[in-house]
Amino acid sequence: MKLKRFLVRYYPPGITLEYEKGGCLRTRSIDLLDLTPETNIDELVAEIRRSEPLITESRADQVKQLILRLQQKQGQQDHHRFCFFKELKAHILPLTNVAFDKSGSRFITGSYDRTCRVWDTASGTELHTLEGHRNVVYAIAFNNPYGDKIATGSFDKTCKLWCAETGKCIHTFRGHMAEIVCLAFNPQSTLVATGSMDATAKLWDVETGEEVASLTDHTAEVLSLCFNTVGNQLVTGSFDHTVAIWDVASGSRVHTLIGHRGEISNVQFNWDCSLIVTGSMDKTCKVWEAVSGKCVATLVGHKEEVLDVCFDLSGQLIATASADGTARVFSAITHQCLVTLEGHDGEISKICFSPQGSRVLTASSDKTARLWDVQSGVCLQVLEGHTDEIFSCVFNYEGDTIITGSKDNTCRIWY
């Protein structure tokens with residue numbers, strides 16, 4: 001094995017090693033999820049060297065410099081105030097979803113007008129219209145981190161794979177018996193997972209366009225799904241009140257997570273693949289061990305349905321959004337509620353952390369999005385201007401651009 005080079009990863013903090021083995025170029029990552037500006041670098045480098053044979057004495061100094069860069073990035077205070085940049089009259093009919101590519105230089109919008117559009121973030125100009133679906137384009141995604149392909153899932157029961165550069169359709173995945181409502185690429189960008197109202201999820205081969213597996217244990221609609229960061233497991237959440245963990249290679253079910261008393265609104269793995277968080281219409285979230293399938297905590301406090309839930313990139317915090325108009329931030333370790341985010345005038349349907357983990361962004365039916373400080377729970381900014389409910393809000397990779405999508409048929413870019 002020969003180490004070729006290091007790549008630094010800011011969010012979440014880590015170092016990727018590119019090395020040669022048997023004539024092939026490979027990569028592996030050193031996650032530094034617990035890194036803080038106060039971490040002792042010499043101790044950390046010594047610890048890394050003990051477990052990573054590729055880092056020899058002669059390379060230790062380079063690693064030290066990279067960790068220093070990561071600490072400097074962490075030390076930068078997040079005082080960014082977002083200003084409204086542009087409103088895009090994206091589609092004639094309502095929008096369904098918004099998604100960034102990894103760099104944040106492009107984003108996509110799905111719509112009831114049966115198209116997906118690709119936009120340039122910096123100028124707000126349209127790059128492509130992806131046409132071909134015969135019904136609502138509901139679920140959309142870039143194959144991040146690569147960003148050269150787009151998947152669109154539609155109420156026409158198909159999923160299409162597109163070239164992001166040319167806007168040409170590469171494959172149409174056919175096999176679902178009802179609307180496709182969620183999808184995701186695996187981290188390697190070799191598979192697309194789709195979830196459908198037909199109560200199944202399916203795995204599709206990006207290269208050949210063939211169906212690889214049909215995941216058939218749910219008894220009601222599959223409304224959310226998520227690959228873990230390694231790509232060896234998929235989690236699905238259903239209206240049958242259950243969550244399933246699947247082994248991707250075999251397509252077999254590993255665990256069924258039973259305990260919620262209402263439909264599942266969202267499911268997500270944490271970065272290190274050890275935990276899964278689930279949100280439900282039963283007004284709670286649950287935290288589960290991915291290996292055992294055991295429920296380790298129930299996060300309570302919301303008075304109405306939990307509509308969205310997510311981990312921060314380090315996997316140490318969980319944010320929940322509810323129809324009761326509040327959001328909450330919990331510790332993923334102690335399961336305590338750290339702050340309650342109050343101020344919206346209507347239900348909150350979407351929530352996400354900034355890449356740095358210091359801010360939370362919420363989208364609400366009160367026509368505003370809000371930016372909150374994670375530590376204090378203070379509302380830092382209200383993003384106003386939409387004339388109808390906001391159902392989508394996303395940060396770019398650097399955390400310095402936000403896109404909001406609304407039922408007013410526009411999306412807004414905020415810098």
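What the table below lists for this structure:
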| quantity | calculated |
| --- | --- |
| Sum of side-chain charges, Ile108 neighbourhood, beta-carbon under 10 Å (Lys, Arg +1; Asp, Glu -1) | +1 |
| Accessible area of Tyr138 in the full protein assembly, 1.4 Å probe (Å², nearest 10) | 80 Å² |
| Gain in span if fully extended, Ser214 to Asp78, counting 0.36 nm per residue against the direct Cα distance | 44.6 nm |
| Accessible surface of the chain, 1.4 Å probe, proportion on carbon and sulfur as whole % | 48 percent |
| Surface accessible to a 1.4 Å probe, per residue, for the residues of the chain, Å² | 43 Å² |
| Largest-first ordering by accessible area, 1.4 Å probe, given options Arg370, Arg174, Arg26 | Arg174, Arg26, Arg370 |
| With eigenvalues of the C-alpha gyration tensor scaled by 5 and rooted, the range 214-291, Å | 18, 15, 9 |
| Sites Glu43 and Glu20 - FRET efficiency at Förster radius 35 Å, r taken between beta-carbons, to 0.05 | 0.75 |
| Cleavage-rule hits (GluC sites (Glu not before Pro)) in the range 227-314: DSSP loop, at most 15 neighbouring Cβ within 10 angstrom | Glu304 |
| Candidate aspartates and glutamates - alpha carbon under 12 Å from Lys202, same-chain residues fewer than 8 apart omitted | Glu210, Glu211, Asp217 |
| Cross-link reach list, aspartates and glutamates versus Lys303, counting only Cα pairs under 14 Å and skipping chain neighbours closer than eight places | Asp282, Asp324, Glu342, Glu347 |
| Solvent-accessible area of Glu87 with every protein chain in place, 1.4 Å probe, in Å² to the nearest 10 | 60 Å² |
| Spatially close lysines, pair count over the range 96-170: Cα under 14 Å, gap of eight or more or interchain | 4 |
| Exposure of Arg81 as accessible area (Å², to 10), given a probe of 1.4 Å and all protein chains | 150 Å² |
| Over the chain, relative contact order from alpha-carbon pairs under 8 Å, at least 6 apart, % | 10 percent |
| DSSP-assigned coil residues among trypsin sites (Lys or Arg not before Pro) in the range 253-352, each with at most 13 further Cβ atoms within 10 Å | Arg261, Lys294, Lys303 |
| Inter-label distance, nm, simple model (7 Å from Cα along the C-beta direction), Tyr415/Phe85 | 0.6 nm |
| Charge dipole magnitude, Cβ of K and R +1, D and E -1 - the chain, Cα centre, debye nearest 20 | 780 debye |
| √(5λ) per eigenvalue of the Cα gyration tensor, the range 1-58, largest first, Å | 22, 14, 8 |
| Cross-link reach list, aspartates and glutamates versus Lys350, counting only Cα pairs under 12 Å and skipping chain neighbours closer than eight places | Asp308, Glu389 |
| For the range 149-172 versus the range 227-290, the gap between their alpha-carbon centres in whole angstrom | 26 Å |
| Globularity index of the range 32-177, i.e. its alpha-carbon radius of gyration over 2.2 N^0.38 Å | 1.49 |
| Stokes-Einstein D in µm²/s, Kirkwood radius over Cα pairs - the chain at 10 °C with 1.306 mPa s viscosity | 72 µm²/s |
| Candidate residues Ser51, Ser280: accessible-area rank, largest first, probe 1.4 Å | Ser51, Ser280 |
| Residues Arg134 and Val382, FRET efficiency given R0 of 41 Å [Cβ-Cβ distance, rounded to 0.05] | 0.55 |
| Sorted largest first, extent of the range 182-336 alpha carbons per principal axis (Å) | 46, 30, 26 |
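The values are calculated or read from the model by the stated rules, or taken from the named source; none is laboratory data. Computed from a predicted structure; not experimentally measured. For neighbour counting, all protein chains shown are included, and Cβ atoms are generated from backbone atoms with ideal geometry for every residue, glycine included. Ligands, DNA and RNA are stripped out before the accessible areas are found, and what is left, the full protein with its side chains, is counted by its heavy atoms. Shrake-Rupley method; radii C 1.70, N 1.55, O 1.52, S 1.80 Å.
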